[in-house]
Amino acid sequence: MERDISPDKIKIMNSYGWSLESENTFFQFADDIIGEDYKGKFFIKKNTSNGKYSWNYNFSSTKIKPRKKYLCSCDVQTKDGESSFQHATKVFLQKINHQFSNKNIIEPNLSKYIDEYLEVCINDGGIEFVEKGKGKKKYKAITYNGLGNNLKNFSTMKRRLRVLGEFKSFCEEKKIKTIDVSKGEDFREKFKEYFYSLKNRNKKTRDGSIVGDKQLTRATIKLHLQSVRMFLNWLTKPKSENGRGLIKEHTITPEYQNFLLDEGFGTHNSKQQKIYDDFSPSNYKQSVKDCQIYIREVWNLYCKYEGDREKIREERLSYNEKLKDGTLSGRKHKNQPKELIVMGDVVFFVSFLQLMYGTRITEILQAYRNREGWEKHRIKTQVSSYFRKVEGKEGELDYYYLEIVNSKKKDRTIPIVDGIYSWSEPPKGIPFKYHEKHTLVFEEGENPLPYPVWETNIMDVIFELFYPKDHVKTFPSPNMNEKPDKGYSNNYYLNLFKERLSEGEYNWKERGITSTHHLRSYFVSYMFLQDVRIEDVIEITGHSYQTAMNYYRRINTEMMKETLQHRDLRNILRKNKV
């Protein structure tokens, strides 16, 4: 690249570390960063008032005005043997990062933009502050004002308000500037310092004062670091995407965050392959059967009474009233609320679908009954799901697709094909397949079903049993008066699951099932033992292969022992004995 510069100026530039070769090397190194818009040449300029030289840049593009931009003084103090020209190239890249904004714009305290981001969180989460407590114990509580775009975001935004306030104080104490975020390793060191300040402090009360001698857990600190990353992401995201667009990139990646957590707390146990001697195919099948038997009993009762809910409630949900003297009145009293014939036993239906299809709890518990209800009520930024009916081939039962949208930023479709059998014909309007002859396969020791039988898709069973049948949600909230368009709350359901299945009479915790999420790992583990396409299992669950293998597949040492016994090693040795 020829330079239209006088020999005297070339000599001066050489004295500050510049050469044509070093400039060309820099452009090759930084080509991806510079791009077409910022191509040009470095040059020096003499200040007529003090006689000192400064580094400047001349853009090739005529779109940038003025085309000549000041970078820095040639006499700036550098460190670690860095030449003046090398320093100028760094300044050039920093200014590209900020699109050559004025210094007073790109170098304010970072805390200024934390305040801006907190305002975004307040608006997105529908947050307002209410003063609570008395006297010295007064504090501002964060509550929902009903105006947010996304109610589910409220808890996330609430957490960010709390934890970013602490990061803001750290930035003010360390005098961190906005431009520091783009300084790579230097900012990583600051972030690391913030991490250890969290790790080494004790827990705080709601008013911010330190209490007790308990320190923050790994999980809590991870939430702090994630919130800071979300703020930095907003700082770099373009304005057209509702970000701040202030800097080009930052270096606090999820990998660096996890590195700090591992350095501070040791390698997380979840990264190690887990051994579950309580998992086995028989335990999986028994869990499915627990759900299947219950569903079949309720469905048979419904078909027997031709959908008469009063008769079903009298048989399932009633008891004799007691008189004051303790004797029974002989009059049946039915539990409330009316019309419901499946109450806390909803866990059998949801768990059946989780065990058979590996869904996350929200994907099935909060699913809409159809696309119309989904389009009307869904929140586009959140995970949502709905059922879509599919006509079966000739002689086959109709089935459903569970359409899952934006679950971990992925969309999935799962065919729901399982049927439930009844010994009576389902009420009018409910689709079924009639089995006159014995064609079904039973487990060893299981009593054959009576014949003939009627087979109904599990989703048609659910839509019929869970009242009201025209509700938008698959599993309507039992609190129909106060929550007419809502489903079961996650917390309420999780408590039901624990009470009925995990720790109740079914005692699933003995099989290693203590949460609904364990049903996914049961599904993955069982399917990996079958002669099926692994790609299908991964697609159904929405996992990567690595995630499925490392986090969801349960390893049973007894099963490994059985696998090795198939080698018949003693016979091999015996045959090869000389």
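The values are calculated or read from the model by the stated rules, or taken from the named source; none is laboratory data. The structure presented is a predicted model; accordingly, all values stated were derived computationally and were not measured. Cβ placement follows ideal geometry from the backbone for every residue including glycine, while neighbour counts extend to all protein chains displayed.
Would the stretch 422-430 turn up any residue that is outside any helix (DSSP H, G or I) and closer than 28 Å to Ser515 by Cβ? Steps first, please.
Pass one, the stretch 422-430, residues outside any helix (DSSP H, G or I): 422-430.
Restricting the remaining residues to those that are closer than 28 Å to Ser515 by Cβ gives none.
No, the stretch 422-430 has no match at all.
Residue check: Ser384 meets all listed conditions (1) free of Cβ contacts under 8 Å to residues at least 60 places away in the same chain; (2) at positive phi but one, namely (2). The set of residues in the stretch 124-146 being among the acidic types (Asp, Glu) and over 26 Å from the mean Cα position of the chain (by Cα) consists of Glu131 alone.
Does Glu306 satisfy the condition of being at pLDDT 90 or above and in a loop (DSSP other than H, G, I, E, B)? Step through it out loud before you land on a result.
Working: at pLDDT 90 or above: yes; in a loop (DSSP other than H, G, I, E, B): yes.
Criteria met by Glu306.
Determine whether Glu535 is among the charged types (D, E, K, R), free of Cβ contacts under 8 Å to residues at least 24 places away in the same chain and outside the structural domain of Pro468 (by TED's automatic domain parsing). Outline the logic, then answer.
Details: among the charged types (D, E, K, R): yes; free of Cβ contacts under 8 Å to residues at least 24 places away in the same chain: yes; outside the structural domain of Pro468 (by TED's automatic domain parsing): yes.
Yes; evaluated as a whole, the condition is true for this residue.
Whenever a residue of the stretch 59-80 is under 21 Å from Ile10 (Cβ atoms), its partners that are among the β-branched types (Val, Ile, Thr), lying with C-beta atoms within less than 9 angstrom and at least six residues away or across chains, give the pairs Leu71/Thr89; Leu71/Val91; Cys72/Val91; Cys74/Ile12; Cys74/Ile44; Val76/Val91.
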